[in-house]
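Remarks on the structure that follows.
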Amino acid sequence: MSEPTRIVTAHFDDPSVVSYEGYVRAGGYEGLRRALQLAPEEVIAEVKASGLRGRGGAGFPTGLKWSFVPQDTGKPTYVVANFDESEPGTFGNRELVEREPHQLLEGIAIAAYAIRSHLAFIYCRGEFLWPGSVLQRALAEAYEHGVLGERVLGSDYRLDVVLHRGAGAYICGEETALLSSLEGERGQPRQRPPFPAIEGLYASPTVINNVETLCFVPHILRNGAAWFAAIGPERSPGTKVFSISGKVERPGNYELPMGTPFRVLLEEHAGGVLGGRALKAWTPGGSSTPMLTAEHLDVPLDFESLQQAGSMLGTGAVMVMDETDCIVDAARRMVRFYAHESCGKCTPCREGTWWVKRIFERIEAGYGRPEDLPLLEDLAGNMLFRGFCPLLDGAVSPIRSSLRYFREELERHIAERRCPFSGRGPGLGTEPEPEPEPAAPSRPGPGRVTIPLSEVLR
Amino acid sequence: MGVLTPELRAEAETIIARYPAGRERSAILPLLYLVQSVEGWVSREGLREVAELLGLRTAEVEAVASFYTMIRLRPTGRHVVNVCTNLSCALRGGREVYAAAREAAGLGPGQERSEDGLFTVHEEECLGACDGAPVVQIDFVNHDRVSPERVRELLDELRRGEVPQPARGAAPRDFRHACRVLAGVEELA
């Protein structure tokens, strides 16, 4: 097994780091202490020099993002930690918080100091009842020990951190939708520019970082930018927490240097494909990243290499399918997610995801038509980059990658009028039955009495 | 007759005070959770009281409430059982677990709440715990590697008034208790 390089998961075997005392014993809050000895601009310069890129999917350089925050607007500045982890297959942030919540708080405090912010929010996914409680407890400890509050670690710097819980909406992981939600609105994305660094929360300059990104920050301050920049490939430095699940022997989170070949993650860490079966398909970074196949076993897992291979690093969430799994069924399940989670703001997304879902459903059920494949291609082309946010781009990934690598399997479903894996469908030699009616909307309305107009205008 | 008692109104004020002055609207989700912890869902009267606390119109609060799946605008079971059937869980049998949960709760087609008001069962999207697939959340805490047999046992335990031990951490007593935690006015034990 290759030598493990673990930074943010280094203490995962030590249950004591969940508490303030345990975290400090393990060297915690030394990064913040060092940051407070520097000027805010020097902290930004250090993070910039480290080459740290956002771990939430987009890979934007973190220090650069911080440097965009203007200090002359007369408005307060804010830091928001994005803990709305909802990309299918992703569970790294949850474990980081459950095991070592102070690591996140330290990262938030350093980011806030760097942009001269005195109020930070943690947007915690609603369904994360327990991880949110772990954070709430850690926040109380941090205040108690003077890490947060009027005098951060005895300095003149003041910082408050507020935990804000969401209420079940994937879209709120998108940064502008997250801000809408945090402001008490429907979680719908906003036009950019202006970018949040200029006009974010409450129309004030705001830095939004993913949990994992913020967890790296204390280590960079403690060990120096050069130390971090030396790990992994030059343009994607550092390590990444890969979440691997599906048909593998040992699903879990594995922190590995960026650029580690997929084969190493799958075979050495996750114990290979479940039951020794053959690998069929995998997503490198959640269902929003195009599926790859067994021919991509040696692709290095980093931003550039995965892009060259026709996919993306995304959140580093690897979902593995084996030779017995039906790709049409998998793609159907993935696009259903986007149809369900589309916020409805942009027509290509709201309508496109629904129609694509219907087409995959009928192909899997044995009612596919030969013209469905060009129709899927056409729909994908009319969705990609046609919305305010990347949700619909994510929906295109399972469409295009299933057509690209598994076209034959789609054609077989249509030709045989059944799923070759499950055997379901009318099959050949039978009279075609009418296609089943689509299922009722997955989120029906409240179903209550009509509200009188006088009430609405109240 | 109001939803929020004077004690709960005092808690509502502490929720609103978390946000900067003039930004009270940010408290809308925790306030809806607070109402939900009393009613077990959010009624029209509940929406009206949240609106009144924030100086908004009832329709504005409803517009927000209807966006989020965890804010329930219909009567909801004492326990909410969420079964993930997204890809990683589906690959490990999540759909069979969902079918078993519905059957164990005695739900007919299209029905989401059991006749006795004990369970609301949902087919859920990825719950961020795929290492434990298939995952079931009961009142928003996780149970990992749940088989169809296990989900039947879990529902039986709830019927007997027990609180099943989750995969990690502590569990709320029921959905209303979970909503108090979500509102940030109570902690999990």
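For region B:55-66, a residue qualifies if it is facing chain A (nearest Cβ under 7 Å) and either buried (at least 23 other Cβ atoms within 10 Å of the Cβ) or of a type in the set (Lys, Arg) (or both), and the qualifying residues are B:57, B:64. What number of residues within region A:235-266 satisfy the criterion of being in contact (Cβ under 8 Å) with a residue 40 or more places away in the chain and in a loop (DSSP other than H, G, I, E, B)? Total meeting the criteria: 7.
Kindly state which helices (runs of 4 or more DSSP H) lie completely within region A:299-402 and contain at least 2 residues that are under 30 Å from residue A:257 (Cβ atoms). Lay out the reasoning, then the answer.
Working: elements: A:303-308, A:327-341, A:347-364, A:372-383.
Per the criteria, A:303-308, A:327-341.
Residues that are out of contact with any Pro (no Cβ under 6 Å at 6 or more places or on another chain) and part of a helix (DSSP H, G or I) are absent from region A:187-195.
For region B:19-54: of the residues being charged (D, E, K, R), part of a helix (DSSP H, G or I) and surrounded by fewer than 21 Cβ atoms within 10 Å (Cβ to Cβ), which is farthest from the other protein chains (Cβ to nearest Cβ)? If you could, list the steps in order and put the result at the bottom.
In the first step, residues of region B:19-54 are kept if they are charged (D, E, K, R); the result is B:23-25, B:39, B:44-45, B:48-49, B:52.
So of that shortlist, the ones also part of a helix (DSSP H, G or I) come out as B:24-25, B:39, B:44-45, B:48-49, B:52.
If we keep only those that are surrounded by fewer than 21 Cβ atoms within 10 Å (Cβ to Cβ) too, we end up with B:24-25, B:39, B:44-45, B:48, B:52.
Numbers: B:24: 8, B:25: 4, B:39: 14, B:44: 7, B:45: 12, B:48: 8, B:52: 10 Å.
Here the answer is B:39.
Taking residue A:283 and the conditions (1) in contact with a helix residue (DSSP H, G or I) (Cβ under 7 Å, 6 or more places away or on another chain); (2) at the interface with another protein chain (Cβ under 10 Å from one of its Cβ atoms); (3) within 11 Å of residue A:401 (Cβ to Cβ), which numbered condition does it fall short on, given that it satisfies the others? Of (1) in contact with a helix residue (DSSP H, G or I) (Cβ under 7 Å, 6 or more places away or on another chain); (2) at the interface with another protein chain (Cβ under 10 Å from one of its Cβ atoms); (3) within 11 Å of residue A:401 (Cβ to Cβ), only one is false for residue A:283: (1). Could you tell me whether any residue of region A:282-297 is outside any loop (DSSP other than H, G, I, E, B) and within 16 Å of the chain's Cα centre (by Cα)? The answer is yes; a qualifying residue exists.
The residue that is surrounded by the fewest Cβ atoms within 10 Å (Cβ to Cβ), among those in region B:157-180 that are touching a residue at least 12 places away in the same chain (Cβ under 8 Å) and in a helix (DSSP H, G or I), is B:159. For region A:1-41, a residue qualifies if it is more than 17 Å from residue A:108 (Cα to Cα) and in a helix (DSSP H, G or I), and the qualifying residues are A:15, A:16, A:17, A:21, A:22, A:25.
The condition (being of a type outside the set (A, V, I, L, M, F, W, C) and more than 10 Å from chain B (Cβ to nearest Cβ)) is satisfied by just one residue among A:113, A:78: A:113. Checking the stated criteria, residue A:168 turns out to be assigned to a loop (DSSP other than H, G, I, E, B) and within 28 Å of residue A:240 (Cα to Cα).
Taking the conditions (1) without any contact (Cβ under 8 Å) to a residue 12 or more places away in the chain; (2) more than 7 Å from every other protein chain (Cβ to nearest Cβ) in turn, residue A:185 satisfies each one other than (2).
Bear in mind these aren't lab numbers, they're just calculated from the coordinates by the rules spelled out. Keep in mind that this is a model prediction, so the values were computed, not measured. Cβ atoms come from the backbone with ideal geometry, glycine included; neighbour counts cover every protein chain shown.
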